[in-house]
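Enquirer: If you scroll down you'll find the structure; I have some questions about it.
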Amino acid sequence: MAMKALTKPTIYQVAQLAGVSIATVSRALRDSELVTEQTRERVRAAARQLRFTPSGSARSLAEGRHAANGIVFPDLVGPYYAEVILGYEAAAAATGSSVLILATHGRRDPAAAVRDLAGRVDGLTVLGRTVGDDVIGQIAASGVPVVLLARDPVPGVDSLRAANASTARALAAHLAGHGHRDVTFLGDPEGSPDVAGRFAGLRAGLARQAGTELHLVRPRGLDLQAGEEAARALLRGRRPDAVVCANDEVALGVLLAAEAAGLRVPGDLAVTGWDDLLAARFAGLTTVRQPMRELGAAAARWLHRRITETKRNEPARAARRRILATEVVVRRTCGPHEEVQQQ
């Protein structure tokens, strides 16, 4: 009777059993200082259990382009996140990397989940206020390359974001130029660094215009339903000249509420958004265009560079900061105020 040949264990099996990436397995078995002692022991235990002996090809695979990187989002619901992920995944795939995605919304301990992911990948991108700066600092100090996306910078860590405040000031000037003096911002500045920047820029821009007022209304979320609900309540009371929304989804909800209230847009009420989603173009929504896919793609490219530098033991370079340009896109929902039209 012929005997079945024994299958030799692979580095992938060790990585799966230890709950880490293949690059981390390679580092741990080489006693790299980039891997904690706890992780090294877990990898060694997995290798012993599987009777794994690293080969030259396994090391090449682990140290080559077949890496895994992680990206952390506040949530995965909504077209903004989808666009960022599409850009990120495409750029990561071009470097031979796979992507692990973690959403922190609804998790009991987001920090623990992010730390766990950081131990299983070769590098990490963190978007928005998902975890505190202290967690980011700890992960970066452990030797895991980190890139921040659409959040305030952390010392020593690369960060990418789109312009918010400067473009919001330009939007404020556009509104004032059309006679809009009573403006409501629909969004929560405490919920997102991007939204905070938009509100701050709008406030600064309107402060330069004589006789303007700015009011803040915090919707329950950043989707269409939240925008529609907040706008219904707003329009039942004192009606502003214009509603500036934190994103396009909220703005589309405002358009639905305005239509239900019998208001003309922009004659009775001007509405603006932010992002320039495809739906915004069909709705004729005045908005701010930001490069969502490029944000994701640039983050993936930056992270790949940091991972490569780490694998080659190159001297650490200074943290980079980059702000991608955004622009006001004027469409039909933001024309002259009715009082201006009648003059």
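The values are calculated or read from the model by the stated rules, or taken from the named source; none is laboratory data. All values reported here derive from a predicted model rather than from experimental measurement. Heads up, the Cβs are rebuilt from the backbone with ideal geometry, glycines too, and the neighbour counts pull from every protein chain shown.
Enquirer: State yes or no: is residue 332 of a type in the set (D, E, K, R), at pLDDT 90 or above and under 30 Å from residue 24 (Cα atoms)? Working first, answer last.
Expert: On the way: of a type in the set (D, E, K, R): yes; at pLDDT 90 or above: yes; under 30 Å from residue 24 (Cα atoms): no.
No; evaluated as a whole, the condition is false for this residue.
Enquirer: Take the residues in the range 17-43 that are modelled with pLDDT under 85, of a type outside the set (Val, Ile, Thr) and assigned to a helix (DSSP H, G or I); name whichever of them is surrounded by the most Cβ atoms within 10 Å (Cβ to Cβ). Show your work before the answer.
Expert: Of the range 17-43, the ones modelled with pLDDT under 85 are 20-35.
Those still in the list that are of a type outside the set (Val, Ile, Thr) too: 21, 23, 26-34.
Of the ones still in play, those that are also assigned to a helix (DSSP H, G or I) are 23, 26-29.
Working: 23: 27, 26: 24, 27: 24, 28: 25, 29: 21.
Top of the filtered list is 23.
Enquirer: Moving to a separate point now. On the given criteria, is residue 323 of a type in the set (Val, Ile, Thr), under 30 Å from residue 27 (Cβ atoms) and not assigned by TED's automatic domain parsing to the domain that holds residue 216?
Expert: Working: of a type in the set (Val, Ile, Thr): yes; under 30 Å from residue 27 (Cβ atoms): no; not assigned by TED's automatic domain parsing to the domain that holds residue 216: yes.
Spelling it out, it is not the case that residue 323 is of a type in the set (Val, Ile, Thr), under 30 Å from residue 27 (Cβ atoms) and not assigned by TED's automatic domain parsing to the domain that holds residue 216.
Enquirer: Which one of these is of a type in the set (Asp, Glu) and closer than 23 Å to residue 292 by Cβ: 259, 249? Step through it out loud before you land on a result.
Expert: Details: 259 fails: closer than 23 Å to residue 292 by Cβ.
Among 259, 249, only 249 is of a type in the set (Asp, Glu) and closer than 23 Å to residue 292 by Cβ.
Enquirer: Within the range 239-272, work out how many residues are in contact (Cβ under 8 Å) with a residue 12 or more places away in the chain and among the basic types (Lys, Arg).
Expert: From the range 239-272, those in contact (Cβ under 8 Å) with a residue 12 or more places away in the chain are 239-258, 260-261, 263, 265-272; that's our starting set.
Adding the requirement that they be among the basic types (Lys, Arg) leaves 239.
Total satisfying the criteria: 1.
Enquirer: Tell me which residues, restricted to the range 123-166, are of a type in the set (D, E, K, R) and within 21 Å of residue 84 (Cα to Cα). I'd like the intermediate steps shown before the answer.
Expert: Our first condition is that a residue be of a type in the set (D, E, K, R); within the range 123-166, this holds for 129, 133-134, 151-152, 158, 161.
Within the range 123-166, 129, 151, 152, 158, 161 meet the criteria.
Enquirer: Quick one: which residue in 309, 294 is surrounded by 13 or more Cβ atoms within 10 Å (Cβ to Cβ), at pLDDT below 95 and not in a loop (DSSP other than H, G, I, E, B)?
Expert: On the way: 294 fails: at pLDDT below 95.
After applying the criteria, what remains is 309.
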